[in-house]
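Here the structure is laid out as structure tokens; the discussion comes afterwards.
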Amino acid sequence: MFPVKSNDFPFNALGRLFDEALVATRRESTLPSVNISEDEHAYHVALAAPGMKKEDFEVHVSDGVLSIGVEKEEKKEEHENCNGKEGKKCIVREYNYSSFHRSFGLPEDVDSEKVEASYENGELKVILPKRSVDPNEGKRQISVK
């Protein structure tokens, strides 16, 4: 009897290739790209999110963190009565669910009371104005006894 070794190299490699591609696609599709820049007056965050509406976004600044999130569900039905009732057969039903959440730690010179956000042409823009920071802010002299 001869020892037989199975060589499934091409199949394993192909399987890994598909797995990696699917994971990468999911990862890239769930987190939109972000560009962050600054000038002397403000920090600018530009988040690519085509196909959304301004109402879809939740933008918060709290405890030195900027949070941007979207949770959107769209239902498209091919037939008016395609609702799962007995005797009805759904030919096409498409559900589109988009969700992401991004958080960014903010520098201490951000004026969180004056943050503005706008959405236009598939891009969410957040402007984080700078404020002057006193280097002694929050410091207190403690006398030693």
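Structure data summary
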| quantity | calculated |
| --- | --- |
| Pair SER33, VAL65: separation of 7 Å Cα→Cβ label points (nm) | 2.7 |
| Linear extension gain, LYS72 paired with ARG131, 0.36 nm per residue minus alpha-carbon span | 17.8 nm |
| Residue-span extension gain [LYS53 to SER98] - 0.36 nm each, minus C-alpha spacing | 15.0 nm |
| Amide hydrogen neighbours beyond the local backbone of ASP111, cut-off 5 Å, H modeled | LYS130, ARG131 |
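Taken together, the values in this text are just the output of simple stated rules run on the coordinates, not laboratory data. Fair warning: this is a prediction, and the values are worked out from it, not measured in the lab. Cβ coordinates were reconstructed from backbone atoms using ideal geometry, including for glycine residues, and neighbour counts include every protein chain displayed.
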